[in-house]
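Data block below; observations after.
The values are calculated or read from the model by the stated rules, or taken from the named source; none is laboratory data. Quick caveat, the model's predicted, so the values are computed rather than measured. Methodologically, a virtual Cβ is constructed for each residue, glycine included, from the backbone with ideal geometry; neighbour enumeration extends over all protein chains shown. The accessibility values were calculated without ligands, DNA or RNA, using every heavy atom of the protein model including side chains. Shrake-Rupley method; radii C 1.70, N 1.55, O 1.52, S 1.80 Å.
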Amino acid sequence: MSSSTVEPTLPPPDRNPEPPPREAHLVRPHHHHPPAGRRPGNRLADLAGLVDAHALALLRATVGIVFVGFGVLKLFPSASPAEQLAVDAATKMTLGLVPETVLLLSLAALETAIGIGLIVGRRLLRPALVAFFLHMGGVFSTLVLLPDAMWQPHSPAPTMEGQYVVKNVVLVAVCLVVAANEWARHPRPR
């Protein structure tokens with residue numbers, strides 16, 4: 001009686017492997033969706049692909065919604081928790097020459113306009129991004145202009161108001177990504 005051993009066979013190696021993704025490239029390619037009638041195999045992967053394909057629009061819209069919300073709150077007296085902080089900082093920046101009501105309405109209009117520009121995009125995106133970064137310069141200046149409100153005494157730790165300002169680094173990072181993509185896709189004509 002003879003015995004034979006059957007060796008398992010492996011499938012041949014893929015002759016055309018996909019190249020690795022280029023992470024340095026900011027412009028996102030359009031992803032292909034499965035043809036109609038074909039059932040997607042992995043719903044999480046499909047959702048991830050959908051989010052990836054629309055990531056920049058999602059980032060723009062969410063920051064835009066935050067700005068519209070905060071801007072509109074400033075239109076109603078005492079509705080915004082940052083109202084007094086914003087007025088105090090803007091008063092210092094304008095050397096007290098502009099009335100508080102005008103400052104608050106101006107901030108409300110600016111933040112709402114930035115939000116709308118980010119949400120709508122298109123021709124409003126670049127002016128909205130420029131206004132956003134200028135506005136963030138003013139926001140972060142409060143860390144220096146209002147040190148008693150921003151920092152705990154005898155400690156480098158921020159107060160609650162200081163944390164409210166510092167968390168804006170996330171919004172700055174998001175808008176840097178959006179701006180880099182916008183300027184990479186549509187460079188300024190020479």
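Quick notes on this one:
- Test: residue 98 is farther than 23 Å from residue 178 by Cβ, of a type in the set (Val, Ile, Thr) and assigned to a loop (DSSP other than H, G, I, E, B): yes
- In the range 78-106, residue least open to solvent (accessible area, probe 1.4 Å) [restricted to those that are modelled with pLDDT under 90 and among the hydroxyl-bearing types (Ser, Thr, Tyr)]: 80
- Sole exception among (1) closer than 29 Å to residue 183 by Cβ; (2) within 21 Å of the chain's Cα centre (by Cα); (3) among the small types (Gly, Ala, Ser) for residue 106, by number: (2)
- Among residues of the range 135-190, those that are surrounded by fewer than 16 Cβ atoms within 10 Å (Cβ to Cβ) and in contact (Cβ under 8 Å) with a residue 40 or more places away in the chain, counted: 6
- Going through (1) outside any helix (DSSP H, G or I); (2) over 21 Å from residue 56 (Cα atoms) one by one, residue 187 falls short only on (2).
- Residue in the range 126-142 that is over 19 Å from the mean Cα position of the chain (by Cα), assigned to a loop (DSSP other than H, G, I, E, B), modelled with pLDDT of 90 or more and of a type outside the set (Lys, Arg) present: no
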